[in-house]
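The structure follows.
The values are calculated or read from the model by the stated rules, or taken from the named source; none is laboratory data. Nothing here was measured: the structure is a model prediction, and the numbers come from that model. Note: ideal-geometry Cβ built from the backbone for every residue, glycine included; neighbour counts use all protein chains shown.
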Amino acid sequence: MSKGHFLVFSTAIISGFAIFINKFGVSVVNPYIYTFLRVLTVAIFLTSLLFFKDWQKLKQLTKKQWLLLIAIGLVGGSIPFLLFFKGLAQTTAAQGSFIHKTMFIWVAILATLFLKEKIDRKFLFGGLILLIANLILLKKLPLNLNKGDLLIFLATLLWAIENTISKYTLKNLEGRIVAWGRMFFGAIFVFLFLFSTNQIHLIIGLTLKQLGWVLITAIILFFYVMTWYNGLKFVPVSQATAILLFGSPITTFLNLVSGDKVSPKEFFSAILIILGILIILFTKETFEKIKKLKKLIYVRI
């Protein structure tokens with residue numbers, strides 16, 4: 001496994017933990033305030049890191065690179081979060097989760113068009129299995145999308161666009177700088193939203209327990225963006241976003257360990273997700289090595 005794949009798999013594992021823990025955090029904090037404080041905290045962490053390691057590199061960024069970082073913050077670190085939480089309040093969690101997990105499809109399309117990434121048969125086959133794995137968790141097919149579904153779909157598209165822009169930007173920039181751009185400018189845009197909607201004062205009323213949840217989830221988010229953008233630099237974005245779905249089986253496992261009921265459908269879905277990712281990642285060279293190994297074993301027998 002390459003360094004890039006290892007980091008992206010680490011991101012998926014962190015994502016699985018984050019989904020498990022965030023359900024407790026969101027329940028005690030206004031979701032918009034929760035988003036802002038998490039993004040702001042990570043932005044402060046990253047700014048401190050860059051101040052000691054990459055401050056000179058920031059000063060040398062071109063106008064185009066600054067614009068790309070601002071765009072990443074806008075379409076990745078702010079607007080989609082606001083749309084996602086608004087949409088989630090108007091649809092079911094299962095349907096919202098399914099729509100969000102289709103992101104790898106839109107990333108693959110964008111990567112093919114703008115980054116010239118090649119989508120081969122094993123990606124299509126593995127992607128189909130991933131799609132089926134997510135459909136299993138739905139009680140019925142989402143044939144009619146309500147307003148909440150459309151908001152989540154729009155958020156998913158924006159995240160797909162952001163990942164495509166990030167992959168392009170990572171050609172010439174370090175992963176931690178791109179991560180900083182997403183969180184720093186994302187925090188600014190979310191703050192402007194809260195200020196314009198007269199919600200910023202809600203921060204004052206937060207309890208120590210709520211601030212504690214913000215800090216815990218912000219630390220998780222910090223490691224998420226650090227592993228994701230540093231891994232994305234070396235892995236095709238279509239492949240990387242498919243690997244992110246590995247977070248779902250991790251969450252299922254954590255729910256099981258914590259004593260929550262896990263249905264057979266969730267188990268089957270988790271198995272299919274792992275299978276789909278393995279199919280996408282297995283190269284022709286790997287299959288050839290397996291065939292050679294089988295022949296070798298057969299000859300020895």
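I'd like to check something: does region 198-212 contain any residue that is under 23 Å from Trp55 (Cβ atoms) and of a type outside the set (A, V, I, L, M)?
Narrowing region 198-212 to residues under 23 Å from Trp55 (Cβ atoms): none.
Taking every residue of region 198-212 in turn, none turns out to be under 23 Å from Trp55 (Cβ atoms) and of a type outside the set (A, V, I, L, M).
Against the definition (of a type in the set (S, T, N, Q), out of contact with any Leu (no Cβ under 8 Å at 6 or more places or on another chain), more than 19 Å from Leu137 (Cα to Cα) and in contact (Cβ under 8 Å) with a residue 12 or more places away in the chain), how does Thr91 come out, yes or no?
Against the criterion (of a type in the set (S, T, N, Q), out of contact with any Leu (no Cβ under 8 Å at 6 or more places or on another chain), more than 19 Å from Leu137 (Cα to Cα) and in contact (Cβ under 8 Å) with a residue 12 or more places away in the chain), Thr91 does not qualify.
Go through (1) modelled with pLDDT of 95 or more; (2) basic (Lys, Arg); (3) buried (at least 19 other Cβ atoms within 10 Å of the Cβ) for Lys63 and report which single condition fails.
(3)
Right, next: In region 111-122, how many residues are part of a helix (DSSP H, G or I), of a type outside the set (Gly, Ala, Ser) and either buried (at least 20 other Cβ atoms within 10 Å of the Cβ) or free of Cβ contacts under 8 Å to residues at least 60 places away in the same chain (or both)?
3
Of the conditions (1) at pLDDT below 95; (2) in a loop (DSSP other than H, G, I, E, B), Leu202 fails just one. Which one is it?
(2)
I would also like to ask the following. Would you mention how many residues in region 3-34 are at pLDDT 85 or above and in contact with a Gly (Cβ under 9 Å, 6 or more places away or on another chain)?
17
For Thr62, are the conditions met, namely being farther than 29 Å from Ile200 by Cα, of a type in the set (S, T, N, Q) and out of contact with any strand residue (DSSP E or B) (no Cβ under 9 Å at 6 or more places or on another chain)?
When the stated conditions are applied, Thr62 passes them.
Can you tell me which residues in region 216-260 are in contact with a Leu (Cβ under 9 Å, 6 or more places away or on another chain) and either surrounded by fewer than 17 Cβ atoms within 10 Å (Cβ to Cβ) or closer than 15 Å to Arg176 by Cα (or both)?
Scanning region 216-260 gives Phe222, Val225, Met226, Thr227, Trp228, Tyr229, Asn230, Gly231, Leu232, Lys233, Phe234, Asp260.
Can you find even one residue in region 123-144 that is polar (S, T, N, Q), surrounded by fewer than 21 Cβ atoms within 10 Å (Cβ to Cβ) and part of a helix (DSSP H, G or I)?
Within region 123-144, not a single residue is polar (S, T, N, Q), surrounded by fewer than 21 Cβ atoms within 10 Å (Cβ to Cβ) and part of a helix (DSSP H, G or I).
Scan the helices (runs of 4 or more DSSP H) fully inside region 15-102 and keep the ones with 2 or more residues being within 15 Å of the chain's Cα centre (by Cα).
Values: elements: 31-53, 55-59, 63-75, 79-88, 93-100.
By residue number, 31-53, 63-75, 79-88, 93-100.
Name the pairs: first residue in region 123-139 and touching a residue at least 24 places away in the same chain (Cβ under 8 Å), second residue in a loop (DSSP other than H, G, I, E, B) and of a type outside the set (A, V, I, L, M, F, W, C), Cβ to Cβ under 7 Å, at least 6 apart or on different chains?
Pairs found: Asn134/Lys101.
Quick check on my filter: what residues within region 64-86 are charged (D, E, K, R) and either under 15 Å from Ile165 (Cα atoms) or without any contact (Cβ under 8 Å) to a residue 60 or more places away in the chain (or both)?
Matches in region 64-86: Lys64 only.
Next question, about the same structure. Between a residue in region 233-257 that is assigned to a loop (DSSP other than H, G, I, E, B) and any residue that is β-branched (Val, Ile, Thr) and surrounded by 22 or more Cβ atoms within 10 Å (Cβ to Cβ), which pairs come within a Cβ distance under 7 Å, given they are 6 or more apart or on different chains?
Filtered contacts from region 233-257: Val235/Val8.
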